[in-house]
Amino acid sequence: MSQPSAERARRVLFVVNEGSFFVSHRLPIAIAAQRAGFEVHVAMPHESKAATTLEAEGYHIHDLPLDRMAAKVRGEWQLFRALCALYRELAPDIVHHITVKPVLYGSIARRVTGGGAVINAIPGLGYLFVTRGKMARVRRVIAELLYKIALGGRETISIFQNPDDVALFVQRGLVKDRQVELIRGSGVDLDEFAFLDEPEGVPLVILPARMLRDKGVVEFV
């Protein structure tokens with residue numbers, strides 16, 4: 001693992017595909033890192049509201065040319081080059097990639113620029129593994145090749161939230177089981193969401209999800 005310079009604080013760089021998602025799901029991790037003495041950096045697509053929130057916490061924000069839905073070669077290459085340049089500039093002690101594109105391109109860029117500690121958060125398989133059709137199969141083949149390269153770094157740990165996802169990745173040879181940590185969910189802040197006893201009467205059953213077939217809407221109905 002790369003050693004931090006004695007002349008500066010240790011640096012952790014979070015790479016995310018959406019600033020608002022980072023604020024809602026990962027901000028407590030950044031707060032804990034800052035309290036532990038890390039200089040916290042967040043690389044993400046420009047998003048003024050999220051950037052304002054994060055800068056108010058004392059974090060350093062870096063804009064990335066990242067479009068999580070786009071798949072054009074030129075745009076993906078620009079993203080990869082931007083990540084390489086950022087890693088060389090910051091020389092972070094730890095890089096924490098969150099979601100597919102940051103994991104794939106960020107991990108490979110980290111290896112290209114000299115390596116070091118990498119944490120990859122893979123909260124789900126994403127549309128690549130559930131979409132059907134010929135083009136989807138082609139994209140899956142490419143994605144699996146990239147995953148093998150990205151997740152195989154010597155100082156790399158990948159976090160999954162679902163044991164089925166772990167099994168699939170290990171069985172397909174995309175990651176070694178010794179480089180996997182299973183954390184079941186992002187967690188709930190019990191100081192903000194207090195536990196209440198179950199109310200009496202007929203329970204109300206709801207589905208808090210986007211109305212997409214792969215989110216289980218049909219099964220719920």
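The values are calculated or read from the model by the stated rules, or taken from the named source; none is laboratory data. All of these numbers come straight from a predicted model, not from anything done at the bench. When we count neighbours, we look across all protein chains shown, and the Cβ atoms used for this are built from the backbone with ideal geometry, even at glycine. Keep in mind that these areas ignore ligands, DNA and RNA; they rest on the heavy atoms of the full protein, side chains included. Shrake-Rupley method; radii C 1.70, N 1.55, O 1.52, S 1.80 Å.
Quick look at the values:
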| read-out | value |
| --- | --- |
| Global form of the range 91-221, assessed from the alpha-carbon gyration tensor, a/c cut-off 1.5 | oblate |
| Length-normalised contact order for the range 145-221 - Cα pairs under 8 Å, 6+ apart - percent | 25 |
| Protection proxy ranking of 175-187, 136-148 - average other beta-carbon atoms within 10 Å, highest first | 136-148, 175-187 |
| For the range 12-63: rounded, prolate or oblate by the Cα gyration tensor [a/c cutoff 1.5] | prolate |
| Accessible area of the chain belonging to carbon and sulfur atoms, whole % at 1.4 Å probe | 56 |
| Largest to smallest principal axis extent of the C-alpha atoms in the chain, angstrom | 62, 46, 36 |
| Helical mean residue ellipticity (222 nm; -39500 (n - 2.57) per DSSP H run of 4+; nearest 500) of the chain | -11500 deg cm²/dmol |
| Principal axis box of the range 93-165, alpha-carbon based, largest edge first, Å | 40, 25, 15 |
| Debye, to nearest 20: dipole size of the chain, +1 on Lys, Arg Cβ, -1 on Asp, Glu Cβ | 1460 |
| Viscosity 1.306 mPa s, temperature 10 °C, Stokes-Einstein D of the range 1-125 from Kirkwood C-alpha radius, µm²/s | 109 |
